[in-house]
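All remarks here apply to the structure that follows.
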Ligand code: NDP
């Protein structure tokens with residue numbers, strides 16, 4: 001689909017009216033130096049969405065890359081998350097301030113509850129609502145929430161989450177969760193779309209990619225977009241960072257999408273949220 005979009009301009013409207021780029025750079029496991037170089041390269045080649053978390057311990061270096069890249073702050077979309085040990089109302093407010101300080105910015109575009117920690121998640125979300133009402137964050141949301149966690153949240157919240165960031169790929173196609181979120185106008189952001197690189201030699205992906213002159217990684221990014229999700233692949237390599245965003249000049253047809261759906265094997269590379277204490 002030569003739709004005239006690129007990684008900078010393809011934005012998705014969130015349920016609060018804010019626009020979020022559909023493709024961003026993930027930064028989990030990037031060391032300080034890798035985080036600086038990858039985020040700077042990504043911002044310079046057109047990415048505007050950067051996904052981090054206090055848990056990743058690289059916010060400070062991402063902040064430096066944001067400062068050095070020459071892109072105005074208001075053009076960027078920065079996501080961070082409150083870690084499990086920082087949850088609770090007061091603790092979350094403090095964790096947010098620490099993230100802002102490390103990122104050297106005075107607001108976040110999106111702040112997420114990283115995991116649905118039992119006994120803490122609702123108070124944590126209340127703190128996010130407070131930050132949202134104070135104008136310190138443009139949008140708030142959750143991560144790793146299953147339908148039962150979301151249903152509990154709807155009953156307690158005043159501000160609907162704009163995003164649920166969950167593990168999603170053709171190999172872990174959480175169809176019911178996706179449909180639930182779409183019914184509620186909550187954008188699903190797909191994390192670990194490449195199952196940490198483990199699936200990129202798959203023959204079906206390679207075959208479909210060849211038809212379009214695209215790589216297996218690009219086929220997965222495209223599958224995510226055509227499912228109506230945002231997606232945040234990580235790479236520490238400048239060429240692969242560019243490759244993962246070069247997905248706006250082709251589209252998968254219905255048959256190809258269905259073939260990809262059948263790759264589902266419930267392959268999870270991160271903890272199952274049901275096992276989080
Ligand atoms: P991904 O599924 O994005 O895979 C990353 C791996 O794929 C790296 O080893 C990378 O290697 C490789 N890779 C990237 N692009 C290509 C390519 N074009 N060709 C070949 N190999 C490639 O893993 P992540 O788990 O990092 O998920 C992405 C992001 O999602 C995270 O970085 C984080 O921001 C977020 N996330 C959120 C979680 C949550 O709980 N909310 C949990 C986990 C992730 P190389 O660097 O050498 O290119």
Exercise. For the chain, set up a Gaussian network in which alpha carbons nearer than 10 Å are linked by springs, and say which option among 182, 165, 218 fluctuates the most.
Key: 182
Quiz item: the stretch 173-277: percent of C-alpha pairs farther apart than 23 Å?
Solution: 26 percent
Quiz item: Which of 189, 27, 204 moves the most in a Gaussian network model of the chain with Cα springs under 10 Å?
Solution: 204
Quiz item: So how far apart, in nm, are the two label points at residue 33 and residue 133 if each is 7 Å from Cα heading toward Cβ?
Solution: 4.7 nm
Quiz item: Shape of the stretch 1-69 from its Cα gyration tensor (a ≥ b ≥ c, root eigenvalues): rounded if a/c is under 1.5, otherwise prolate when a/b > b/c, or oblate?
Solution: prolate
Practice problem: In whole angstrom, note down how far apart the Cα centers of the stretch 208-270 and the stretch 16-40 are. | Solution: 18 Å
Quiz item: Where a ≥ b ≥ c are the square roots of the eigenvalues of the C-alpha gyration tensor, would you call the stretch 7-265 rounded, which needs a/c under 1.5, or, failing that, prolate if a/b is larger than b/c, or oblate?
Solution: oblate
Quiz item: Taking Cα pairs under 8 Å and at least six residues apart, what relative contact order does the chain come out at, in percent?
Solution: 21 percent
Quiz item: Which of 46, 119, 63 moves most in a GNM of the chain, Cα contacts under 10 Å?
Solution: 119
Exercise. Between residue 5 and residue 269, take the C-beta separation as r, use R0 = 25 Å, and let me know the FRET efficiency to the nearest 0.05.
Key: 0.30
Quiz item: By how many degrees, 0 to 90 and rounded to 10, does the Cα axis of helix 203-212 deviate from the longest principal axis of the chain?
Solution: 70 degrees
Quiz item: What is the distance, in nm, between label points placed 7 Å from the Cα along the Cα-to-Cβ direction at residue 160 and at residue 44?
Solution: 4.1 nm
Quiz item: Just for the chain, what percent of DSSP beta bridges are antiparallel, to the closest 5?
Solution: 15 percent
Quiz item: Helix-derived [θ] at 222 nm for the chain: sum -39500 (n - 2.57) over DSSP H runs of at least 4, divide by residue count, nearest 500?
Solution: -11500 deg cm²/dmol
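Computed from the coordinates by the stated procedures, all read-outs in this text should not be read as laboratory data. Please read all numbers here as calculations on a predicted model, not as lab measurements. Note: ideal-geometry Cβ built from the backbone for every residue, glycine included; neighbour counts use all protein chains shown.
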